[in-house]
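The values are calculated or read from the model by the stated rules, or taken from the named source; none is laboratory data. Computed from a predicted structure; not experimentally measured. All Cβ positions, even for glycine, are placed from backbone atoms using ideal geometry, and neighbour counts span all protein chains on display. Side chains included, ligands, DNA and RNA excluded: accessible areas come from the protein's heavy atoms. Shrake-Rupley method; radii C 1.70, N 1.55, O 1.52, S 1.80 Å.
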Amino acid sequence: MTETSEIRVEQTKLDELYARLDELREETTTRLGTVRTSEVGGNHQHRTERDAFATLYEDQLIRLDGAEEGLCFGRLDIVDEDDPTYIGRIGLTDEQRQQILIDWRAPAAERFYQSTAANPEGIARRRHLVTANRKVTGIEDDVLDIDALDDTQRSNLQGEGALLAALTTHRTGRMGDIVATIQAEQDAIIRRPLSGVLVVQGGPGTGKTAVALHRAAFLLYRHRERIAKSGVLLVGPSTVFLKYIEKVLPSLGETGAVLLTPGQLYPGLDTDAADTPTVAEIKGRSVMARVLKNHIANYQRIPDDDVEMRVRSHTIVLRRRDVQSARDRARRSGDPHNAARTGFVTGLLKILADDLAREMGLDAPGERLPELLDDLRSSVDVRRALNLAWFPIGPAAALRSLLSRPHKLQAAARKLLTPAEQSTLLDQRRDEFTVDDVPLLDELAELLGSAPQQTQARDDSAREYAEAVVDMTETGGMVSAETLAARWEEQGPAMTLAERALEDREWTYGHLVVDEAQELSPMQWRILFRRVPSKSATVVGDLAQSSQVDNARTWSSILDEFVGDRFALQVLTVSYRTPQSVMDLANRYLHRHFPQLELVESVRQGGSDPQLDSFADESEMLAALPEAVAAEVSAAEGGKIAVIADEGLIEPIAEAVADFDFGRSVTGLDHQIALITPQQAKGLEFDSVIIVEPGRIARLGSEEGVGGLYVALTRTTERLRVLTSVSTELTELFSAEAVRQAG
Ligand SMILES: Nc1ncnc2c1ncn2[C@@H]1O[C@H](COP(=O)(O)OP(=O)(O)OP(=O)(O)O)[C@@H](O)[C@H]1O
C-alpha cells in the first residue's frame, strides 16, 4: 500500500471515531436538556439529584468537546492480535460497549509510550497519526518488532517524525499538551504511583512542566475517587507562568486542579511584591517558625504584680498567681492562641466574679452570676488587664508588629536571628505584604486559630483571580453525583472545588504539583505540606535555574526537613526546546560557575548560531533595538518573540519598542513580543529571544544573577540574539564559541 492508501485506511477509522463522538455529544445534550426541563420544585433531595446529574452531563459534554482536536493520535499493532488498538485523548466504546478508542491514561495505553525496539513488549508497530480538523494529514511508524511484520507491512513504513513536527511548530504564547508524543522516560514519570514525593530534576526544556501537568491529568483520571474531591494544588512561580500553562489541563479534559503562585497561597492575599534577596532569605528560613511561635507566646503575659481594677464602684484584684495558673491550663489545652484565650478568660472571669460578689457582700455569685459577668466585661480595667495577659490578635497584625517593633522582634528572635539579621528585617519593612510574608502569615494563622477579620475581606484583585480560577474549574472537574450532592448539602450550590479551596485556609488537597520548585524556601515548603498533609507530591525543578544557585544545594538538602530521604528522584537530560547551538553557549556559561551541574543535550541538533551585537554605550544599544526587533519579527514569521532584560531596563526598552505589538509581563503572552524580566521568563518559551544587557542580569556573577541569565539564555526554540554595551563574561563565551566554530 502507498502512503495515500494507508492514510485512507486511517481516515476511515478516524471518521468512525468522530461519528461516535458526535453521537455521544448528541445523547448527552439531550439528557442534559431533559434534566434541565424536568419539573422545577420537588423536595430538597430531588433538587440535589437533578443538579448533580445536570453537572455530570455538563462535565461529560466539556470532556467530549475537549477531545475534538486530535481525538485519536496513535495506533498499536499487537503481535498475534488481528485488530489494531487505537489510542486517543479519551476512551470511547461503541453501542455494543466494545472499546474502540483507549484513553491515553488507561493501562492498555501504556505500551504506546513505553515500548522500544529493545523492549517491544509485544508491539509490532506503533503508529503516530497526525491529524488536523478531523483529517489524517500524516502517518509515522516506529517498527518495534521487525520480525513480526509481514513483507507488505515492512514496505509500508513511513513517517516524518511526529515529535520533531510538534517541536518545530510556532509557539502560540500558551503551552499545549504533548499527549501524542510523550517520550518513554517522561511516561515512566507520569505514571508513577500517587503516594510519596517524586522529584523530577531536569535542565531547561527537558519537559518537566509538561510531565508535571500530564501527571496531574493522569492522577485525576486514575485516582478520581481519591483526589477529585479534594483536587490537585498546582503551584507555579508567577502569574505569567500560570497563564502560560492554564490551558493544558483543560485540553486534557481535566480541571480539578487549583493553580496558584506562592504569593496566592494565603486566602485573601494576592501578592507578587518581593523583598530584597537578603530579607527573603531570612524570612524563608525554617527558624522563622520558632520566632513566630515565640512571638505569639509573648502575647500571653503574666503581670509583674497583682493588678487592681475598678468594676462599677468596687475595686477587685487580678492576682498574678491566678493569671499564671489560668495561662498554664490554657496552654496545656494545645488549642491555638485565640481559641485557647476563651478558656483562659472564662477561668479568670469566674474567679473575678467570686471576688466581686464578696466585695458586694454576697457569699457567692449564685443567680447573679450573669449580671456580675456583664459588669466585669464592661469594665475597662478588666478588659485591659485580660487583654494584656492574653492578647487576641490576627495574623496580619501579629506579623506587622513583629517586623516593625524592635523590642518584639528581639524578644521573639533571641538566639535565633543575629542582631544584624533582626536589623535587616526591621530596616527593610514595607507597607504591603510580600511573597515571603505569605508563609509567615499562614504559620501565624496556624498558631492563632480562627481566621482574623482583616484577612477575610478579599481585595479586588484577589477576588478577580479567584473568580477566574472558579470559572475554569467549575466547568470540567469530574465530580460525581455523590460528591456534588454532598457539596450541595454542606455549602449550597454556589461553592465549587476551587472556590472552597481558595476561601478555606485549612483546605487540604489530594496531590501537590510544584513547578520551579528549586525556588521555594523552607517556610514555603511548610505551607505547601500543610495544604497537602498526605505528602503526595510531584516536585519539578532545576537546581541550575535557581536564584540561589549554590554548589552544596541538592534536593536532599532542600527536602530533608520535610520528608527525610523518603522521596524518589528522576532526572531528565534531553532538552526538547533549546537548539543545540544555543544550549552549547548556555552550558558553557553554567559550567563556569557550577561545574558539578549536569549539562543538557538537545533533541534539536544544529539550529542557528546565537548572535551577539556589541555597542559603545547603553543609549546606542537602545537606539539599535528597534532594528534588532524588526529583524527577529521577520525571521520568526509570525512566531513569538521575547525581549528579556533586567527590571531596571524594562521602561527604556518599552519606549524603544513602542511601535511594535508588544506587552509587558503577563500581557506579553497575548502579543507577538513579550517584554519580560528573567524572573517572569521562568518556565516560558519563545521562537526567538533577544537578551538586552546580560551584564545587568548577571549582576557581576551573583548567584541570583547567574541563575537568571541561564534562564534567559534557554528560553528560545529557534533564535537567540544578545545586545550588550559592556563586555561581560558572556561576551567572552561568544568569542570562544566563534573560535570553536572556526576550528
Ligand atoms: N514529548 C514531547 N513531545 C512534544 N513536545 C515536548 C515533549 N516534551 C517536551 N516538549 C516540549 O518542550 C518544551 C519544553 O518543555 P517544558 O516547558 O515542560 O520544559 P521544562 O523542563 O519545564 O523547562 P524549564 O525548566 O525551562 O521551565 C515545551 O514546548 C514542551 O511542550
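Enumerate the pairs (first residue in segment 167-193 and under 18 Å from ILE641 (Cβ atoms); second residue anywhere and among the acidic types (Asp, Glu) and within 10 Å of the ligand (Cβ to nearest atom)) with beta-carbon separation below 9 Å, excluding pairs fewer than 6 apart on the same chain, so at least 6 apart or on different chains.
Qualifying pairs under 9 Å: ARG171/GLU685; MET175/GLU685.
Got at least one residue in segment 278-287 being open to solvent by 60 Å² or more (accessible area, probe 1.4 Å), within 30 Å of MET360 (Cα to Cα) and outside the structural domain of GLN524 (by the TED database)?
No, that holds for no residue.
Scan segment 141-169 residue by residue and report those that are at pLDDT 65 or above and within 13 Å of the ligand (Cβ to nearest atom).
Listed by number, the residues that qualify are ALA162, LEU163, LEU164, ALA165, ALA166, LEU167, THR168, THR169.
I'd like the full set of residues that are open to solvent by 40 Å² or more (accessible area, probe 1.4 Å), outside any loop (DSSP other than H, G, I, E, B) and farther than 24 Å from PRO595 by Cα, limited to segment 519-559.
Within segment 519-559, PRO522, ARG526, ARG530 meet the criteria.
One residue is enough: does segment 617-639 have a residue meeting the conditions open to solvent by 40 Å² or more (accessible area, probe 1.4 Å), of a type in the set (S, T, N, Q), assigned to a loop (DSSP other than H, G, I, E, B) and out of contact with any strand residue (DSSP E or B) (no Cβ under 8 Å at 6 or more places or on another chain)?
No, the conditions are met nowhere in segment 617-639.
Here are some residues: ALA353, ALA389, ALA364. Which one is of a type in the set (A, V, I, L, M) and either modelled with pLDDT under 90 or in contact with a Ser or Thr (Cβ under 6 Å, 6 or more places away or on another chain) (or both)?
Exactly one residue qualifies, and that residue is ALA364.
Just give me the residues in segment 585-634 being without any contact (Cβ under 8 Å) to a residue 12 or more places away in the chain and either touching a Cys at 6+ places or on another chain (Cβ under 7 Å) or charged (D, E, K, R) (or both), in sequence order.
GLU627, the sole residue that qualifies.
Is it true that LEU585 is assigned to a helix (DSSP H, G or I) and either on the phi < 0 side of the Ramachandran plot or surrounded by fewer than 19 Cβ atoms within 10 Å (Cβ to Cβ) (or both)?
Yes: the conditions hold for LEU585.
Among the residues of segment 254-262, is there at least one that is assigned to a helix (DSSP H, G or I), within 16 Å of the ligand (Cβ to nearest atom) and surrounded by fewer than 22 Cβ atoms within 10 Å (Cβ to Cβ)?
No, every residue in segment 254-262 fails to be assigned to a helix (DSSP H, G or I), within 16 Å of the ligand (Cβ to nearest atom) and surrounded by fewer than 22 Cβ atoms within 10 Å (Cβ to Cβ).
When you look at ILE316, is it at pLDDT 90 or above and either buried (at least 22 other Cβ atoms within 10 Å of the Cβ) or part of a helix (DSSP H, G or I) (or both), yes or no?
yes
Given the conditions (1) within 16 Å of the ligand (Cβ to nearest atom); (2) touching a Phe, Trp or Tyr at 6+ places or on another chain (Cβ under 8 Å); (3) at pLDDT below 90, report the number of the one that GLU519 does not fulfil.
If we test GLU519 against (1) within 16 Å of the ligand (Cβ to nearest atom); (2) touching a Phe, Trp or Tyr at 6+ places or on another chain (Cβ under 8 Å); (3) at pLDDT below 90, just (2) comes out false.
Contact list please: Cβ distance under 9 Å, first residue in segment 111-129 and assigned to a helix (DSSP H, G or I), second residue open to solvent by less than 30 Å² (accessible area, probe 1.4 Å) and of a type in the set (S, T, N, Q), pairs at least six apart or on different chains.
Listed pairs, sorted by first residue: ARG111/THR85; PHE112/THR85; TYR113/GLN186.
Going residue by residue through segment 651-658, is there one that turns out to be within 16 Å of the ligand (Cβ to nearest atom) and assigned to a helix (DSSP H, G or I)?
No - not one qualifying residue is present in segment 651-658.
Within segment 500-517, how many residues are crowded, with 22+ Cβ neighbours inside 10 Å and either in a helix (DSSP H, G or I) or of a type in the set (Ser, Thr, Tyr) (or both)?
Summing the residues that are crowded, with 22+ Cβ neighbours inside 10 Å and either in a helix (DSSP H, G or I) or of a type in the set (Ser, Thr, Tyr) (or both) in segment 500-517 gives 4.
I need the full set of residues from segment 640-655 which are open to solvent by 30 Å² or more (accessible area, probe 1.4 Å) and free of Cβ contacts under 8 Å to residues at least 40 places away in the same chain, in order please.
GLU647, GLU651, PRO652, GLU655
Identify the residue in segment 562-576 that is under 21 Å from the mean Cα position of the chain (by Cα) and open to solvent by 20 Å² or more (accessible area, probe 1.4 Å) and, among all such residues, is farthest from the ligand (Cβ to nearest atom).
PHE562
Could you list, in sequence order, the residues of segment 682-696 that are touching a residue at least 60 places away in the same chain (Cβ under 8 Å) and within 13 Å of the ligand (Cβ to nearest atom)?
Within segment 682-696, LYS682, GLY683, LEU684, GLU685, PHE686, ASP687 meet the criteria.
Please tell me if VAL689 is β-branched (Val, Ile, Thr) and open to solvent by 10 Å² or more (accessible area, probe 1.4 Å).
no
State which residue is nearest to LEU252 (Cα to Cα) when the search covers only segment 93-114 and only residues that are surrounded by fewer than 21 Cβ atoms within 10 Å (Cβ to Cβ) and among the small types (Gly, Ala, Ser).
Top of the filtered list is ALA106.
Looking at segment 70-89 only, could you name the residues that are part of a loop (DSSP other than H, G, I, E, B) and open to solvent by less than 10 Å² (accessible area, probe 1.4 Å)?
Once the filter is applied, which keeps residues that are part of a loop (DSSP other than H, G, I, E, B) and open to solvent by less than 10 Å² (accessible area, probe 1.4 Å), segment 70-89 yields only LEU71.
I'm trying to understand the selection: among the residues of segment 579-608, which are within 11 Å of the ligand (Cβ to nearest atom) and in the same structural domain as TYR710 (by the TED database)?
Passing the criteria: VAL600, SER602, VAL603, ARG604.
Right, ARG329: of a type in the set (D, E, K, R) and free of Cβ contacts under 8 Å to residues at least 40 places away in the same chain or not?
yes
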